[in-house]
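Since the structure comes first, as structure tokens, the remarks are kept for the end.
What follows is calculated from the coordinates using simple rules that are stated; it is not laboratory data. Keep in mind that this is a model prediction, so the values were computed, not measured. Please note: Cβ atoms are built from the backbone with ideal geometry, for glycine as well, and neighbour counts cover all protein chains shown.
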Amino acid sequence: MAGYSWTDPAVLTFIAIPVALVAALLWCVDAAWRRLDEPLSGRRRALTVTALAAAAWMGVTWIAADSGVLRRWDATPPPLAFLIAGIVALAAAIAFSRYGGRLAAGLPIAALIALQGFRLPLELAMHEMYERGVMPVQMSYSGRNFDIITGVSAFVVAGLVAGGRAGRWVIVAWNVLGLLLLLNVVTIAILSTPLFRYFGDDRLNVWVTYPPFVWLPAVMVLAALAGHLLVFRAIGTGARRPSRAREPR
């Protein structure tokens, strides 16, 4: 993998966006718990658990990348497979647990959609990594990754939903498209690893096994997947949202 500088703004993006996503999650927890009139003690407990769990996950994945554990391609199964499984399991746990139920019920769907807008600056930063020779071309929008569409459209669809100008079918269509685009780039990333070498030996995906790029799958893919699942849950229960929900103070 080509060298990179920690002072490069594009590299720092892979730290800034994950930290911003954790901050956004904490805000969402606080807002949702307030709108659902949850007790102050419960809200504080949810915020504390969220912050500690996020810090632990980010710390463990960073250490795994920094130590070289994720680059043990000869292991069976390779450690990267456990990371991928962990991402899927955590996303499902966040979306379909009571925790996710409160987020889905307590937050406006427009807010859940708008949060996916982080994929726009992420895709721009990924393209910069391709131009620097750090990331293979097929993972950029110059190759086979079209996830930037989700990032751009998230703000548009969120605005339409917030203004009451987009119905359920628009939300469902956008969410399905975004999920498919996410699955597309994740599939490309997996096929590009040294395990499969689908795109050739000169286009290998090893950069996500180094810090800070490990937070691309560990935090940003996790956030995108959990976000889509939460939107599905929200639109499925939207009519049953509690009338006592109120705006955050």
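Under 8 Å for C-alpha pairs, at least 6 residues apart: give me the relative contact order for the chain, rounded to a whole percent.
33
Name the shape class, rounded, prolate or oblate, that the alpha-carbon gyration tensor gives for the range 17-153, where a ≥ b ≥ c are the square roots of its eigenvalues, rounded holds for a/c under 1.5, and otherwise prolate holds if a/b is larger than b/c and oblate otherwise.
oblate
Amide H to amide H under 5 Å from Asn145: which residues, 5+ apart in sequence or cross-chain, H placed 1.01 Å off N in plane?
Close amide H contacts, sequence-distant or interchain: Ser140.
Rounded to the nearest 500, what is the chain's calculated 222 nm mean residue ellipticity when only DSSP H runs of at least 4 contribute -39500 (n - 2.57) each, over all residues?
That comes out to -21000 deg cm²/dmol.
With θ taken as phi - 60° and the coefficients 6.51, -1.76 and 1.60, list the Karplus ³J(HN,Hα) couplings across the range 9-17 in order, rounded to whole Hz; mark glycine and proline as x.
Per residue, the Karplus-derived 3J(HN,Hα) values read x, 5, 5, 5, 4, 6, 9, 5, 5 Hz.
When the label point is put 7 Å from the Cα of Ala2 along its Cα-to-beta-carbon vector, which residues of the range 175-202 have a backbone N closer than 20 Å?
Of the residues in the range 175-202, 189, 192-194, 199-202 have backbone N under 20 Å from the label point off Ala2.
If you wrap a convex hull around the Cα atoms of the range 127-249, how much volume per residue is inside, in Å³?
140
Which of these, Leu222, Leu179, Leu40, has the largest mean-square fluctuation under a Gaussian network model of the chain (Cα springs below 10 Å)?
Checking each option, the largest mean-square fluctuation is seen for Leu40.
Connecting C-alpha atoms closer than 10 Å in a GNM of the chain, tell me which of Val152, Val221, Val231 has the biggest fluctuation.
Per the Cα network of the chain with a 10 Å cutoff, Val152 tops the list.
Modelled label-to-label distance, Tyr210 and Ser97, 7 Å Cα→beta-carbon offset: nm?
Inter-label distance under the simple model: 3.4 nm.
Can you work out ³J(HN,Hα) from phi for every residue in the range 215-229, in order, using Karplus 6.51 cos²θ - 1.76 cosθ + 1.60 and θ = phi - 60°, giving whole Hz and x for Gly and Pro?
For the range 215-229, the Karplus-derived couplings read 6, 4, x, 5, 10, 6, 5, 4, 5, 5, 5, 4, x, 5, 5 Hz, x marking Gly and Pro.
Using a 7 Å offset from the Cα along the Cα-to-Cβ direction at both Ala24 and Val88, what is the distance between the two label points in nm, to one decimal?
Each label point lies 7 Å from its Cα, and together they span 2.4 nm.
Given a cut-off of under 8 Å on Cα pairs at least six residues apart, what relative contact order in percent is computed for the range 1-111?
32
Quick one: if the Förster radius is 41 Å, what FRET efficiency do Ala51 and Leu124 give, using the C-beta to C-beta distance and rounding to 0.05?
That pair, Ala51 with Leu124, gives E of 0.90.
Could you check which residue among Asp202, Asp147, Asp37 shows the biggest mean-square fluctuation in a GNM of the chain with a 10 Å Cα cutoff?
Asp202
Stretched out fully, how many nm does the piece from Val69 to Leu12 gain, at 0.36 nm a residue minus the Cα gap?
18.3 nm
Can you pull the semi-axes for the range 9-240, root of five times each eigenvalue of the Cα gyration tensor, sorted largest first, whole Å?
Equivalent ellipsoid of the range 9-240: 31, 21, 15 Å, largest first.
Compute the length gained on full extension between Ala173 and Ser142: take 0.36 nm times their separation in residues and subtract their Cα-Cα distance, giving the result in nm to one decimal.
Length difference between fully extended and current span is 8.7 nm.
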